[in-house]
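*Asks:* I'd like to ask some things about the structure below.
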Amino acid sequence: MCGIVGYVGPQNALDVVLEGLRRLEYRGYDSAGVAVRVGGSGGGQLASAKKAGKLANLEKVLADQPLPESTIGIGHTRWATHGGPTDRNAHPHLSADGRVAVIHNGIIENFAALRAECEAAGVEFRSDTDTEVVAHLLAAVYPELPEGPGRLAEALRAVSRRLEGAFTLVAAHADEPDTLVASRRNSPLVVGVGDGEYFLGSDVAAFIAHTREARELGQDQVVEIDRTRGLTVTDFDGAPAEPVAYTVDWDAAAAEKGGHDWFMLKEIAEQPQAVADTLLGRLGDEGDLVLDEMRLSDQELRDIDKVFVVSCGTSYHAGLIAKYAIEHWTRIPVEVEVASEFRYRDPVLDRSTLVVVISQSGETMDTLMALRHAKDQKARVLAICNVNGSTIPRESDAVLYTHAGPEIAVASTKSFLAQIVACYLVGLILAQVRGIKYADEVAVIVRELQKLPEAVSQVLGQMEPVRELGRSMADAGTILFLGRHVGFPVALEGALKLKELAYIHAEGFAAGELKHGPIAVIDEGTPVVVIVPSPRGRSLLHGKVVSNIQEVRARGARTIVIAEEGDEDVVPYADHLIRVPRTPTLLAPVVTTVPLQVLACEIAATRGYDVDQPRNLAKSVTVE
Ligand code: M6R
């Protein structure tokens, strides 16, 4: 996710801002930029610099063309969403007259309409971003407001009221020598309060070197930091608001992880947001789906008669879940295959085949090679990817980005949940466009999708017993995972997480396969984790899994059962019961996966391993 820094105070703003950006590097980014305000109160100017790539690239630009000393500065590290990771798309974005500079984290859903409005007024855009529209809107509103204190904040309130989506915005104006303003909706922003100086940050890591006194902003609020008038917070209509004050008790290293011991834990905690952001901007007013950005026409979607889902590791497991949903919703046959096998067996592909490649990094060589093979065979390729501008989406015919934000830990967590959600969107758009489901039927499922962030939050809120359980399982030699239907890929994912993090032998099985061999490995005390389908609607499946739990328990297994609230049938057979909220069967993996991630993380940490950097593994595997 983008990193945001703002500073107003006696120090050289550029130094403070660059240091803040360095501390936010862990968030992941693909370009960086800064702006400072220079000049006296009479006639000021904004000066800015920005560059694609790492901070070092920006620092080189600044070394060649230094910016003047200043007491006001803003800085940004960008994680590309709208528009590729290029110099021109890097933030800050300036208004046409150069008087306003804006940085932004999030997605402005209605930017296309606002951009059209600005263009109709004669504005020429210089980037492909959704952000630039804010700079132009602010420049248009500001002169219409009365001169005097609070003018820029009032302009930002007026603009913020017009925006849809998720945003943290920070703005500077050349005519404002002492003031920065910021606003937030569904996107993080914290204020640091120092001695005669103020900071803005996407998180406290941005200013922890200067102050531990922080203020948390509420939803839909605008903050003004001013060297003489201090801190003022209002809602978008101007009603005063009181920010929550707190003292940060983390050191700089912990601050980067949001107070969590590991990036993986932080990323697990970010999953409600990742799911919500992946849905953001994709739902029409009628509850239908709008995936214009996908770049596949309705006719192309109608022509598809077969789908392949191709990916590796955790992304492959997302593909396995996709199969259940896409086949059920569309009745189009779906095959799922690991990318390293796909092209070498000469799969049958043609123009009416849709190949969905899933990759968090967008750089996995096995997946890239499979994509190229599919394109050679004239199939249509749709990428589901988390990294804007990476190779896989670039080479695909169409792309659907997951908006999970940067994933630092090697083990995929939030990107997995976001991939599953993106797969649901693919299934639903196919069903919608092909007329297999009526709009109101799609809307019903969409409403269930919208409940998922809250359901994931609920699971996260009750993970302490799971952590305790993990600590008690740290000495296990083998751990098995069982599931049926969509619970089967979840079992595979649970086993993969445990292998890669805790180096324990773990396997996931289709629960029905157990009696065909694997049950022989169960010994006294062998932990067996079972993902139980909902008893509602899939009662046949549910009964069979309950029988499978009894079978392993009869052979001495220690059963760890993940079951939805209200499922009392499992209670007698569960040595440990992990409850998840009631969720429709096809959507259940989004909630049932979460305890398995926490379990693997806790077991690995108890065994003393580096959770974020497991041995032998790389985040992005760029060799075949
Ligand atoms: O970046 P990708 O999604 O293409 O990566 C695929 C796999 O390498 C990846 O999912 C890997 O299995 C993860 N480390 C699992 O946690």
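Matching residues to (1) over 16 Å from residue 542 (Cα atoms); (2) without any contact (Cβ under 8 Å) to a residue 12 or more places away in the chain; (3) away from the ligand (no atom under 15 Å from the Cβ):
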residue: 553; (1), (2), (3): yes, no, yes
residue: 558; (1), (2), (3): yes, no, yes
residue: 574; (1), (2), (3): no, no, yes
residue: 577; (1), (2), (3): no, no, yes
residue: 607; (1), (2), (3): yes, no, yes
residue: 616; (1), (2), (3): yes, yes, no
residue: 620; (1), (2), (3): yes, no, no
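*Asks:* Oh, and also: Test residue 357 against the stated conditions and say whether it is more than 9 Å from the ligand (Cβ to nearest atom), not assigned by TED's automatic domain parsing to the domain that holds residue 105 and not in a loop (DSSP other than H, G, I, E, B). Write out each step before concluding.
*Replies:* On the way: more than 9 Å from the ligand (Cβ to nearest atom): no; not assigned by TED's automatic domain parsing to the domain that holds residue 105: yes; not in a loop (DSSP other than H, G, I, E, B): yes.
Answer is no for this residue.
*Asks:* Scan the range 406-450 for residues that are outside any helix (DSSP H, G or I) and either free of Cβ contacts under 8 Å to residues at least 24 places away in the same chain or within 25 Å of residue 600 (Cα to Cα) (or both) and jot them down. Can you show your working first?
*Replies:* As a first pass, look at the range 406-450 and keep what is outside any helix (DSSP H, G or I): 406-413, 434-438.
Once the filter is applied, which keeps residues that are outside any helix (DSSP H, G or I) and either free of Cβ contacts under 8 Å to residues at least 24 places away in the same chain or within 25 Å of residue 600 (Cα to Cα) (or both), the range 406-450 yields 406, 407, 408, 409, 410, 411, 412, 413, 435, 438.
*Asks:* Of (1) over 20 Å from the mean Cα position of the chain (by Cα); (2) among the hydroxyl-bearing types (Ser, Thr, Tyr); (3) within 16 Å of the ligand (Cβ to nearest atom), residue 593 satisfies all except one. Which?
*Replies:* For residue 593, the failing item is (1).
*Asks:* While we're looking at this one, here's another question. With the condition kept exactly as written, say whether any residue in the range 411-424 is of a type in the set (Phe, Trp, Tyr), farther than 23 Å from residue 343 by Cβ and within 11 Å of the ligand (Cβ to nearest atom).
*Replies:* Applying the first criterion (of a type in the set (Phe, Trp, Tyr)) to the range 411-424 yields 416, 424.
In the following step, the residues that additionally are farther than 23 Å from residue 343 by Cβ were identified as 416, 424.
Checking the rest, the ones that are also within 11 Å of the ligand (Cβ to nearest atom) come to 416.
Within the range 411-424 (the criterion being of a type in the set (Phe, Trp, Tyr), farther than 23 Å from residue 343 by Cβ and within 11 Å of the ligand (Cβ to nearest atom)), the answer is yes, since at least one residue qualifies.
*Asks:* Additional query: Taking the conditions exactly as written (assigned by TED's automatic domain parsing to the domain that holds residue 249, at pLDDT 95 or above and assigned to a strand (DSSP E or B)), does residue 200 satisfy them or not? First the steps, then the outcome.
*Replies:* Values: assigned by TED's automatic domain parsing to the domain that holds residue 249: yes; at pLDDT 95 or above: yes; assigned to a strand (DSSP E or B): yes.
So residue 200 fits the description; yes.
*Asks:* Still on this structure: Give the residue, chosen from 469, 428, that is in the same structural domain as residue 564 (by TED's automatic domain parsing) and either within 16 Å of the ligand (Cβ to nearest atom) or touching a strand residue (DSSP E or B) at 6+ places or on another chain (Cβ under 7 Å) (or both). Give the derivation first.
*Replies:* Numbers: 428 fails: in the same structural domain as residue 564 (by TED's automatic domain parsing).
Going through 469, 428 in turn, the sole match is 469.
*Asks:* Here is a list: 606, 592. Which entry is crowded, with 21+ Cβ neighbours inside 10 Å, touching a helix residue (DSSP H, G or I) at 6+ places or on another chain (Cβ under 7 Å) and either more than 17 Å from residue 470 (Cβ to Cβ) or β-branched (Val, Ile, Thr) (or both)? If you could, list the steps in order and put the result at the bottom.
*Replies:* Values: 606 fails: crowded, with 21+ Cβ neighbours inside 10 Å.
None of the others qualify; the one that does is 592.
*Asks:* Could you tell me which residue of the range 293-317 is farthest from the ligand (Cβ to nearest atom), considering only residues that are of a type in the set (A, V, I, L, M) and part of a loop (DSSP other than H, G, I, E, B)? Before you say what the answer is, go through the steps one by one.
*Replies:* Our first condition is that a residue be of a type in the set (A, V, I, L, M); within the range 293-317, this holds for 294, 296, 301, 304, 307, 309-310.
Applying the additional criterion that residues be part of a loop (DSSP other than H, G, I, E, B) yields 296, 304.
Values: 296: 21, 304: 23 Å.
In this case the residue turns out to be 304.
*Asks:* Within the range 327-354, how many residues turn out to be within 12 Å of the ligand (Cβ to nearest atom) and surrounded by fewer than 24 Cβ atoms within 10 Å (Cβ to Cβ)? Quick ask: steps written out before the conclusion?
*Replies:* Of the residues in the range 327-354, the ones within 12 Å of the ligand (Cβ to nearest atom) are 338-340.
Now restrict to residues that are surrounded by fewer than 24 Cβ atoms within 10 Å (Cβ to Cβ): 338, 340.
Residues flagged as within 12 Å of the ligand (Cβ to nearest atom) and surrounded by fewer than 24 Cβ atoms within 10 Å (Cβ to Cβ) within the range 327-354 amount to 2.
*Asks:* Here is a further query. Go through the residues of the range 476-493 one by one and say whether even a single one is over 30 Å from the mean Cα position of the chain (by Cα) and of a type in the set (A, V, I, L, M, F, W, C).
*Replies:* Just the residues of the range 476-493 that are over 30 Å from the mean Cα position of the chain (by Cα), to begin with: 476-478.
If we keep only those that are of a type in the set (A, V, I, L, M, F, W, C) too, we end up with 476.
Looking through the range 476-493, at least one residue is over 30 Å from the mean Cα position of the chain (by Cα) and of a type in the set (A, V, I, L, M, F, W, C).
The values are calculated or read from the model by the stated rules, or taken from the named source; none is laboratory data. It should be emphasised that the depicted structure is a prediction, and the values quoted were computed from it without experimental measurement. Positions of Cβ are backbone-derived with ideal geometry, glycine not excepted, and every protein chain shown enters the neighbour counts.
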